[in-house]
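The values are calculated or read from the model by the stated rules, or taken from the named source; none is laboratory data. Remember, predicted model here, so these are calculated numbers, not experimental data. In this analysis, Cβ positions are derived from the backbone assuming ideal geometry, glycine residues included, and neighbour counts consider all displayed protein chains.
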Amino acid sequence: MASTIRVRATANGDTTEVQALIQHPMDSGFVKDAQGQIIPPHFIQQLTFEHAGRAVFLADWGPAVSKDPYVKFSFKGGAKGDDLKISWVDNKGASDTTTAKIG
Amino acid sequence: MDHSLTRRLILQGAGSVALIGLGLSATPAFAAANDKYPEDAFKQKTGADAIKALYGKTAEASDKVKLDAPEIAENGAVVPIAVATTLANVTSISFFVSENPNALAASYVIPEGTTPAVANRLKMAKTCNVIAIVESGGKLYSATKEVKVTVGGCGG
Amino acid sequence: MRVRPILLSAAAALAMAALASIAASAVAAPDKVDPAADAKAFKKYFTDKFPKVKLEDFVNGPYSMNEDMRKQWQEKEEFPPYEFALEAGKEMFGKPFKNGKTYADCFPNGGIGIRQNYPYFDEKEGKVVTLELALNRCREANGEQPYSYVKDEMASLTAYMAYTSRGKPMDIKIPGDPRALEAYENGKRYFYTRRGQLNFSCATCHVQSPGERIRAEILAPAYGILNAMPIYRSEWNGMGTISRRFVSCNSQTRAVPLEPQSDEYRDLEYFLSYVANGLPIAGPGARP
């Protein structure tokens with residue numbers, strides 16, 4: 001099964017820019033379906049980015065983050081060819097992880 | 001608004017179990033120890049209460065916090081919002097949407113070496129203030145911008 | 001509310017638009033259809049109305065009309081919301097049918113880089129064939145169930161095919177066949193005819209009021225309006241095809257929506273695509 005995580009990590013001098021787009025409904029728990037029933041909350045709570053064994057970025061998300069969430073940040077260090085590990089956990093306990101190469 | 005599922009997971013320690021499962025070191029290498037999911041802060045209604053729950057202090061407005069958000073959101077479900085700052089020793093950046101059912105939208109831990117700037121896409125229920133908080137040197141700084149929302153982002 | 005002012009000046013502006021089209025075709029006779037002249041007049045109308053918009057930018061709809069919206073769109077285009085549909089489309093396109101054949105077997109050039117040629121007039125059948133229709137015919141010819149014209153599978157497939165044509169100029173042909181001219185003219189007539197409770201024609205919004213607001217939405221110009229299809233709409237929280245847009249547009253103007261791929265819709269797509277000849281394919285796209 002393909003990962004839900006899409007990453008673009010680019011090294012530019014001594015800084016690596018990271019953009020991630022994740023396939024996830026991020027249901028807030030405030031929306032009703034066609035039958036009038038509340039769609040239960042289903043959203044990513046924590047997202048971590050690791051490089052060389054340490055966390056370079058951590059996100060704590062609530063349901064107000066948009067569907068198919070996106071985030072962009074940069075960190076010092078990271079060279080072309082390095083691994084960048086991304087993982088998430090959602091409120092239902094599901095998770096996904098992927099490792100991308102910095103380009 | 002049913003957060004009972006979330007509460008159960010946190011109470012059972014499932015959150016930290018999952019984190020350990022991800023291979024993260026038990027001793028975080030960053031100052032603001034936000035490695036625990038701030039469940040309580042996400043439950044608060046107002047921005048002020050959420051900031052207090054998340055950081056335990058209040059913020060002062062600063063023009064060194066640059067908040068980038070549209071004048072009129074094209075759609076409240078996906079509003080691109082970004083923050084950048086020239087402040088030093090930044091350990092945390094977070095976003096609050098004042099009129100959302102729960103003001104705290106997202107909170108980010110900025111470890112040393114990570115640029116204090118984040119871009120993300122948030123849901124806004126209606127026209128209101130978006131507040132960005134930057135924790136720098138242990139103090140909180142904020143920037144606020146009103147974003148008009150014509151089509152609410154919470155569904156329907 | 002902008003609705004009333006639009007209606008009041010409706011007659012005037014509509015007449016002007018129609019006149020511009022007729023005047024440009026030199027012969028004001030219903031039996032002389034001149035699509036080339038129409039296209040020229042259509043282009044001139046929009047480039048005159050929006051002198052500051054770069055020609056290829058018209059395909060970006062409301063984003064070519066409003067700076068604040070443009071910024072939000074550009075931010076999202078860095079990592080667009082249609083990314084997943086596009087990937088799914090590529091995978092679907094490459095997957096063989098139960099009989100071993102693939103979509104590539106149904107299309108010229110294996111289906112790659114050909115979206116700008118659709119719709120075309122099929123002289124054997126005597127009707128307009130759109131890309132969505134061709135895809136479902138391909139499926140049926142190979143023993144597969146057709147996809148819904150308004151759901152995700154069709155959107156994913158057309159997203160991938162559009163992507164392989166990105167940047168190529170729209171290139172719709174109208175053969176000398178009188179039935180082709182008739183189909184074109186039918187499409188044009190549909191576009192300019194008022195219908196439904198709100199008594200709007202497509203032109204009311206997209207020729208008369210592009211760049212202005214109808215309630216909270218900024219209206220796109222009709223010129224190049226299909227070039228970015230299929231689109232990820234924030235409003236739909238997902239992808240939508242040309243069929244979906246035509247159906248929902250009818251519903252929104254309180255007109256009776258037609259069946260996807262009905263003759264009128266096919267002809268409408270033919271007309272709209274033809275008058276956008278030369279503008280680049282920009283699909284898949286994102287919209288509010």
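Filtered by the rule that a residue be surrounded by fewer than 16 Cβ atoms within 10 Å (Cβ to Cβ), in a helix (DSSP H, G or I) and either hydrophobic (A, V, I, L, M, F, W, C) or modelled with pLDDT under 95 (or both), region C:76-91 gives a lone residue, C:77. All conditions in (1) without any contact (Cβ under 8 Å) to a residue 60 or more places away in the chain; (2) of a type in the set (A, V, I, L, M); (3) more than 7 Å from every other protein chain (Cβ to nearest Cβ); (4) more than 20 Å from residue C:76 (Cβ to Cβ) hold for residue A:100, with the sole exception of (1).
Here residue A:62 meets each of (1) facing another protein chain (nearest Cβ under 7 Å); (2) under 30 Å from residue A:12 (Cβ atoms) with one exception, condition (2). So for region C:38-51 (the condition being aromatic (Phe, Trp, Tyr), closer than 30 Å to residue A:71 by Cα, at pLDDT 95 or above and in contact with a helix residue (DSSP H, G or I) (Cβ under 6 Å, 6 or more places away or on another chain)), does at least one residue qualify? The answer is no; no qualifying residue exists.
In the condition set (1) more than 25 Å from residue A:30 (Cα to Cα); (2) not in a loop (DSSP other than H, G, I, E, B), residue B:57 is compliant with all but (2). So for region B:55-67 (the condition being touching a residue at least 40 places away in the same chain (Cβ under 8 Å), facing another protein chain (nearest Cβ under 10 Å) and not β-branched (Val, Ile, Thr)), does at least one residue qualify? No, region B:55-67 has no match at all. Evaluation of residue A:54 against the conditions (1) farther than 20 Å from residue B:124 by Cβ; (2) within 9 Å of chain B (Cβ to nearest Cβ); (3) basic (Lys, Arg); (4) touching a residue at least 24 places away in the same chain (Cβ under 8 Å) shows that the sole unmet condition is (4).
With respect to residue B:79, is the statement that it is more than 14 Å from chain C (Cβ to nearest Cβ), of a type in the set (Val, Ile, Thr) and touching a residue at least 12 places away in the same chain (Cβ under 8 Å) true? No; evaluated as a whole, the condition is false for this residue. Residues in region B:90-116 that are surrounded by fewer than 23 Cβ atoms within 10 Å (Cβ to Cβ), more than 7 Å from every other protein chain (Cβ to nearest Cβ) and not in a strand (DSSP E or B): B:98, B:99, B:112.
Limited to region A:20-53, what total is found for residues that are farther than 23 Å from residue C:238 by Cβ and surrounded by fewer than 16 Cβ atoms within 10 Å (Cβ to Cβ)? Selection size over region A:20-53: 2.
Hey, residue C:209 hits all of (1) farther than 22 Å from residue C:127 by Cα; (2) among the small types (Gly, Ala, Ser); (3) in contact with a strand residue (DSSP E or B) (Cβ under 8 Å, 6 or more places away or on another chain) but one; which does it fall short on? All conditions are met except number (3).
Scanning region A:21-43 for residues that are under 30 Å from residue B:115 (Cα atoms) and more than 10 Å from chain B (Cβ to nearest Cβ) yields A:22, A:23, A:24, A:25. Of all residues in region B:57-89, those satisfying the criterion of being surrounded by fewer than 23 Cβ atoms within 10 Å (Cβ to Cβ), among the aliphatic types (A, V, I, L, M) and more than 17 Å from the chain's Cα centre (by Cα) are B:72, B:87, B:88.
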